[in-house]
1. How many percent of Cα pairs in the range B:16-155 exceed 24 Å?
2. Which order do you get for B:292, A:178, B:100 if you rank them by accessible area with a 1.4 Å probe, largest at the top?
3. Interface B/A, total buried accessible area with a 1.4 Å probe, nearest 100 Å²?
4. Roughly how many nanometres apart are two label points built 7 Å out from the Cα toward the Cβ at residue A:128 and residue B:168?
5. Which ³J(HN,Hα) values, rounded to whole Hz and listed in residue order, are derived for the range A:220-225 from phi using the Karplus coefficients 6.51, -1.76 and 1.60 in 6.51 cos²θ - 1.76 cosθ + 1.60 with θ = phi - 60°, glycine and proline given as x?
6. Most mobile of B:189, B:20, B:91 per a Gaussian network model of chain B (Cα springs, under 10 Å)?
7. Averaged over peptide A:94-103, how many Cβ atoms belonging to another chain are found within 10 Å of each residue's Cβ?
8. Can you give the angle from 0 to 90° between the axis of helix A:47-65 and the longest principal axis of chain A, with both taken from C-alpha atoms, to the nearest 10?
Amino acid sequence: MATFLGINLFGLSGQLLVGLINGSFYALLSLGLAIIFGLLRIINFAQGAIYMLGAFFAWMALQYFGINYWAALILVPLAVGIIGVLMERFLLRPIANEDHLYSLLLTFGLALILQGIFTQTYGSSGLSYAIPESLKGGTRLPFMYLPNYRAWIIVASLTVCISTWWAIEKTKLGAYLRAGTENPQMMQAFGINVPLIVTITFGFGVALAGFAGVIAAPVYAVSPEMGSNILIVVFAIVVIGGMGSIGGAIITGLGMGVVEGLTKYFYPEASTTIIFLVMVVVLLVKPAGLFGKEA
Amino acid sequence: MKINKLYLALFIFALIAPAALYPVFLMKVLCFALFACAFNLLLGFVGLLSFGHAAFLGTGGYVTGYLMMHTGVTPEIGIICGTICAGLLGAFYGKLAVKREGIYFAMVTLALSQLAFFFYLQAPFTGGEDGMQGVPRGHLFGIIDLADNMSMYYFVLAIFIFGFWMIHRTIHSPFGQVLKAIRENEPRAISLGYNVNDYKWVAFIISSALAGLAGSTKTLVFQLASLTDVHWHMSGEVVLMTLLGGMGTIFGPLLGAGAVVAIQNYLSGGEMGNYVSIIMGVIFVVCVLAFRNGIVGEINKVIKRNFGS
């Protein structure tokens, strides 16, 4: 067993890996929240339920239609994104001019409905989704054993996060999006179809959560509860990072996953609460969040 | 004068209600009504949406439960201690939460209450998943035996009236006027020289202490303090009660709590129990889309339209 300064490197790197994986999910979910928040100024409370929906859709696709993992990886975010578009168009837009707290409450209600429906249909115990054949097995590294699927989660989520970041910071559509974040009225005056961009953005933000749900399906039990627990952690992460920047959301998400992993190794009792404690400290020291822009 | 008659009618109704309705049900309604009124003080009168009020309800409940089970204090002392502890937690959480506004405020309070949830889940004295069971109701002032549901009911009613009166006093005090000014136009309140964050903080403490009072009382009524009370579902429920009844109205939360508790009681009996969460969600969506003023708000509108103000 490799040890360094009395630290069991095998155990430590194992927890680090778990932390990175959780961090990948945090990053995907908080990225989706940040994108939606940027343009609509609302927090999608249903993001966790959508993540759960993504996992269930993947499971149902395999179970009922024989659609394999790789196809689900494309189809499920698409389906979830369409649901998001409908949600924005028919539920959120009518109240877009009201206090933003109402949209928070509306999405909270939607989350309750989705979670209730799946609890009703599939029970709360959780279903299992097999790891796809091509990603089974693992690699033996000098200090640890790395299961292939876990490596794939990190790679897939980082790829999606970085491409999203690139698309928003470097492309024309991204420029519209950023302009819309700054001043939607002005952009509308320039003849750009802002409502359309808002709808697409919401759909995309939601699709990210659906994607996270698909890659989560083989590692976590697919259960109706899976979304709500992770969402509250993601909220804390969003408060820690502030929603000022897309890059900030990704970095904070991954970073907090690692912090959680390290805590699991050094002081397991605090592993469920560490992120909330970090949030408390950040609120005391830098209330706007690490990457926050507001005063 | 009109309002006074309404109070009197409600008071008389509350006094004779146990003759017609099951006292435990009424006590449950009163506890949740107090909880919702305390929550509404923040949402309706300061414009702060707290998504973490379950933490205070649960804290009050656990502290009172622990004292009643292990120290043999009388119930009034147990309730006072529970309320104070919830208020202290509120002072800490509130200080942090008022640093952020709007949606962030909701997320901060939700995360902080989750912190409390995990604390109570792991702390040895709470009984974890099982909760504290068989909390004795004790003898009020050492004399009146509360094991009797009727004496318990009037005790709960007295507590509710006290809490309701506290909120009423707060809203109609100069302090309450400043709170409303903050809700309507925060920058102007700042420019008039009010330290807005301190006002919000004090309102948060009052609200959390009263939520704790509701939790303490609830523990005595059901002789149980459990994780359900600190779960984020509970925070959502109180938002629903207030929204349904009418936020920013005095009687709204009372009516909303009555309606939600009645729905839950009705559903949990039959095989519809599993649909509670779906139905709650649907009520949320319908309220937000069609019915933002809540029941009392809509009634007020009708009264205004037909009878003038």
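The values are calculated or read from the model by the stated rules, or taken from the named source; none is laboratory data. Computed from a prediction, not measured in an experiment: that's the story for all the values here. Note that we place each Cβ from the backbone using ideal geometry, even for glycine, and neighbour counts take in every protein chain shown. Ligands, DNA and RNA are stripped out before the accessible areas are found, and what is left, the full protein with its side chains, is counted by its heavy atoms. Shrake-Rupley method; radii C 1.70, N 1.55, O 1.52, S 1.80 Å.
1. That fraction is 40 percent.
2. A:178, B:292, B:100
3. Approximately 3800 Å² gets buried when B meets A.
4. Spacing of the two 7 Å Cα→Cβ label points: 6.1 nm.
5. Karplus values, whole Hz, x for Gly and Pro: 10, 5, 7, 9, x, 7.
6. B:20
7. Mean inter-chain Cβ contacts per residue within 10 Å come to 4.
8. The helix A:47-65 is inclined about 70 degrees to chain A.
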